[in-house]
Every structure is written in structure tokens, then in C-alpha cells.
Amino acid sequence: MRHGPRLSRRDLLRGRFLPSAPPAADVAAATGDGVAVVMAWGCLAFRGTICSVCVERCPEDGALRLEAGRPVVAPDRCTGCGDCVDVCPAPSRAVVIRPRRDR
């Protein structure tokens, strides 16, 4: 039994299933009022592969660092620019920008 509208593959690829308002994370990244979060389930370094691309490409000194071979974000130094999201080589989105909580 199906629930909701039926979508074709073409509709899915065109993004017609997305809500009209952008997600809060996209707004945070666009305005620079966010902070990077490493999703352990998608990060190659957390899965046993040597990877430090996000740390190497981060423009903010000390915002991303490696601890035990895994990337760790320093929220007080992260500007939420999104460069780490763009360069992440993981097949799934392993780094995301989340809205910053009260400072």
C-alpha cells in the first residue's frame, strides 16, 4: 500500500520531492552562521581508511584537526564556510554544516 504522492525517477532527479524552503543547514552554510559536524557513520577516517582531506583543506587554522587519525571540529574556531563539505571524498555526505547553537 502506497502513502503519499507517487513520484517518478525523473521527478526525484529534478528535486520535485524537496520542500520549497531550504533546509536550515543550507541557510547556515550560506550565511556563514553554522559549524561543521563530522558524521562518523560516513567519514572514511572513522571507517578505517586514512583520510585527512577536510583537515588539510580547511582555511581556518585549528578549526579541524586530527585526533587518533580522525577529524575533530573545534566549534569555536569553525566559521561554517563549507569548504570541508565540498572537498570530502566520502561517498555519502560525511561533513555537514549545522546551524550554530547559542554562542
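Tabulated data
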read-out	value
Residues (exposed (fewer than 15 other Cβ atoms within 10 Å of the Cβ) and either closer than 12 Å to Cys54 by Cα or at pLDDT below 90 (or both)) located in region 74-90	Asp86, Val87, Pro89
Residues satisfying the stated conditions in region 74-90, i.e. in contact (Cβ under 8 Å) with a residue 24 or more places away in the chain and of a type outside the set (S, T, N, Q)	Pro75, Cys78, Gly80, Cys81, Gly82, Asp83, Cys84, Val85, Val87, Cys88, Pro89, Ala90
Tally of residues being loosely packed, with under 14 Cβ neighbours inside 10 Å and outside any loop (DSSP other than H, G, I, E, B) across region 56-73	4
Boolean, Arg16 is farther than 18 Å from Ser92 by Cα and at pLDDT below 55	yes
Conditions (1) under 15 Å from the mean Cα position of the chain (by Cα); (2) surrounded by fewer than 17 Cβ atoms within 10 Å (Cβ to Cβ); (3) farther than 21 Å from Asp33 by Cβ; number of the one not met by Arg100	(3)
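The values are calculated or read from the model by the stated rules, or taken from the named source; none is laboratory data. Keep in mind that this is a model prediction, so the values were computed, not measured. Glycine also receives a Cβ, built like all others from the backbone with ideal geometry; neighbour counts cover every protein chain displayed.
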